[in-house]
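Colleague: Here it is: the structure, laid out below.
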Amino acid sequence: MLNHRTFGALCREWRGETTQTEAAGLLGILQSTLSKLEADQRRPSTRVIARMAEVYGLDDLDVAYAVRLACAEMAVAGDEEGDDADRS
């Protein structure tokens, strides 16, 4: 678990050999949403993470790790936006 660098990489591992379309159906989200999550183009809602926990049988440690990755990525994206705003 400690080798993941992004939430998207973690999602892809959890999905395994299931197609994005199949996994999205199980998760109750659009395939395009899952694709964006896995490509790190979108951050997950707490509802999506909770549903992933149910579908993939994740334990509390896995969920906490997923939330931490997602939040860390949001913080980095926010810092980058702030840097751009300071240059204007």
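Colleague: Kindly indicate the residue of the stretch 52-62 that is hydrophobic (A, V, I, L, M, F, W, C) and open to solvent by 40 Å² or more (accessible area, probe 1.4 Å) and also farthest from Leu26 (Cα to Cα) among those meeting that condition. So that I can check it myself, show each step before the final result.
Modeller: Step one: filter the stretch 52-62 for residues hydrophobic (A, V, I, L, M, F, W, C), giving 52-53, 55, 58, 61.
Add one more test, that the residue is open to solvent by 40 Å² or more (accessible area, probe 1.4 Å), and what stays is 55, 61.
On the way: Val55: 7, Leu61: 22 Å.
My answer is Leu61.
Colleague: Let me ask something else about it. Of all the helices (runs of 4 or more DSSP H) wholly in the stretch 1-55, which have at least 2 residues that are under 12 Å from the mean Cα position of the chain (by Cα) and of a type in the set (S, T, N, Q)?
Modeller: Values: elements: 7-15, 20-27, 31-38.
In the stretch 1-55, 31-38 are the helices (runs of 4 or more DSSP H) which contain 2 or more residues that are under 12 Å from the mean Cα position of the chain (by Cα) and of a type in the set (S, T, N, Q).
Colleague: So which residues in the stretch 56-70 are in contact (Cβ under 8 Å) with a residue 12 or more places away in the chain and outside any helix (DSSP H, G or I)?
Modeller: Leu58
Colleague: Condition check: modelled with pLDDT of 95 or more and in contact with a Cys (Cβ under 6 Å, 6 or more places away or on another chain). Does Leu37 satisfy that? Show your work before the answer.
Modeller: Values: modelled with pLDDT of 95 or more: yes; in contact with a Cys (Cβ under 6 Å, 6 or more places away or on another chain): yes.
Here the answer is yes, as Leu37 does meet what is asked.
The values are calculated or read from the model by the stated rules, or taken from the named source; none is laboratory data. Note that the structure is predicted; figures quoted are calculated from it, not measured. Here Cβ is always computed from backbone atoms with ideal geometry, including for glycine, and neighbour counts include all displayed protein chains. All accessible areas refer to the heavy atoms of the entire protein, side chains included, with ligands and DNA or RNA removed. Shrake-Rupley method; radii C 1.70, N 1.55, O 1.52, S 1.80 Å.
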